[in-house]
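One structure is given here, and the rest of the page talks about it.
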């Protein structure tokens, strides 16, 4: 009987030693492995539209490319068309402004995921347009200026982006068009104008 219990004790000790050796040493010097951290994927391309700009007759989209995290190059081609109504010597008339333009800018984003997080950045504005009034010939004019925008943009898991912000622009027009309503003055009036940003789009890459 003593022999049986002695053999059982020895077998238990050998089994415990074998299991401990297979598991490896434990303790402060050998902590358990940390859980895997999900890698943040950088999406370098984003395409956005700004529905608010449609209200002033400006139709386009902006294309953003981030060659490295945080830094975006922004290209925004657009077509603009708006009208201004008034009277001259008691006779009503309508003046139409239309043409193509574009912006080339830079944005600094706080997020490493792409065009996401808070942002700030300047842009250069160029445009070539025509003005036509009732009973008058078309007049060509150009606009050049700059703008600074600030805001924020969120990127959802499926790549959809939603953003908002505001800014100021200053443009110079080589023709003088006086007494224009706000929507026409943004295009043909020159000077300082506010900018409201609301963007929806998609990021990929």
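The values are calculated or read from the model by the stated rules, or taken from the named source; none is laboratory data. Every value quoted in this text rests on a predicted model; they were computed, and no experiment measured them. In this analysis, Cβ positions are derived from the backbone assuming ideal geometry, glycine residues included, and neighbour counts consider all displayed protein chains.
Restricting the first member to the stretch 138-149 and to residues that are on the phi < 0 side of the Ramachandran plot and free of Cβ contacts under 8 Å to residues at least 60 places away in the same chain, and the second to residues that are surrounded by fewer than 14 Cβ atoms within 10 Å (Cβ to Cβ) and not in a strand (DSSP E or B), the beta-carbon pairs closer than 9 Å and six or more apart or on different chains are 139/175; 140/175; 141/174; 141/175; 142/174; 142/175; 143/174; 144/174.
You will find that of 135, 127, 101, the residue that is over 19 Å from residue 200 (Cα atoms) and in contact with a helix residue (DSSP H, G or I) (Cβ under 8 Å, 6 or more places away or on another chain) is 127 and no other.
Given the condition surrounded by fewer than 19 Cβ atoms within 10 Å (Cβ to Cβ), in contact with a strand residue (DSSP E or B) (Cβ under 9 Å, 6 or more places away or on another chain) and modelled with pLDDT of 95 or more, answer yes or no: does some residue in the stretch 127-134 qualify? Yes, some residue in the stretch 127-134 is surrounded by fewer than 19 Cβ atoms within 10 Å (Cβ to Cβ), in contact with a strand residue (DSSP E or B) (Cβ under 9 Å, 6 or more places away or on another chain) and modelled with pLDDT of 95 or more.
If we scan the stretch 124-137, do we find a residue that is without any contact (Cβ under 8 Å) to a residue 24 or more places away in the chain, assigned to a strand (DSSP E or B) and under 22 Å from the mean Cα position of the chain (by Cα)?
So the first thing to find is which residues in the stretch 124-137 are without any contact (Cβ under 8 Å) to a residue 24 or more places away in the chain, and the list is 124, 136-137.
Checking which are assigned to a strand (DSSP E or B) leaves us with 124.
Subset that is under 22 Å from the mean Cα position of the chain (by Cα): 124.
Yes: one or more hits.
Among the residues of the stretch 90-102, those identified as more than 21 Å from residue 79 (Cα to Cα) and touching a strand residue (DSSP E or B) at 6+ places or on another chain (Cβ under 8 Å) are 92, 93. If you go through the stretch 59-86 and pick out every residue that is over 14 Å from the mean Cα position of the chain (by Cα) and closer than 18 Å to residue 150 by Cβ, you end up with 0.
Just one of 114, 105 is surrounded by 14 or more Cβ atoms within 10 Å (Cβ to Cβ), modelled with pLDDT of 95 or more, outside any strand (DSSP E or B) and in contact with a strand residue (DSSP E or B) (Cβ under 9 Å, 6 or more places away or on another chain); which is it?
On the way: 105 fails: outside any strand (DSSP E or B).
When all the criteria are applied, what remains is 114.
When you check residue 147 against the structure, is it over 12 Å from residue 127 (Cβ atoms), modelled with pLDDT under 95, surrounded by 18 or more Cβ atoms within 10 Å (Cβ to Cβ) and touching a strand residue (DSSP E or B) at 6+ places or on another chain (Cβ under 6 Å), yes or no? The answer is no for residue 147. Are any of the residues in the stretch 172-183 in a strand (DSSP E or B) and either surrounded by fewer than 18 Cβ atoms within 10 Å (Cβ to Cβ) or at positive phi (or both)? The answer is yes, given that some residue of the stretch 172-183 is in a strand (DSSP E or B) and either surrounded by fewer than 18 Cβ atoms within 10 Å (Cβ to Cβ) or at positive phi (or both).
Does the stretch 172-180 contain at least one residue that is farther than 18 Å from residue 73 by Cα and without any contact (Cβ under 8 Å) to a residue 12 or more places away in the chain? The answer is yes, given that some residue of the stretch 172-180 is farther than 18 Å from residue 73 by Cα and without any contact (Cβ under 8 Å) to a residue 12 or more places away in the chain. Of all the criteria given as (1) surrounded by 14 or more Cβ atoms within 10 Å (Cβ to Cβ); (2) closer than 21 Å to residue 68 by Cα; (3) at pLDDT below 95, the one not satisfied by residue 123 is (3). For the stretch 82-98, enumerate the residues that are out of contact with any helix residue (DSSP H, G or I) (no Cβ under 8 Å at 6 or more places or on another chain) and modelled with pLDDT under 95. Selection gives 85, 86, 87, 88, 89, 90, 91, 92, 93, 94, 96.
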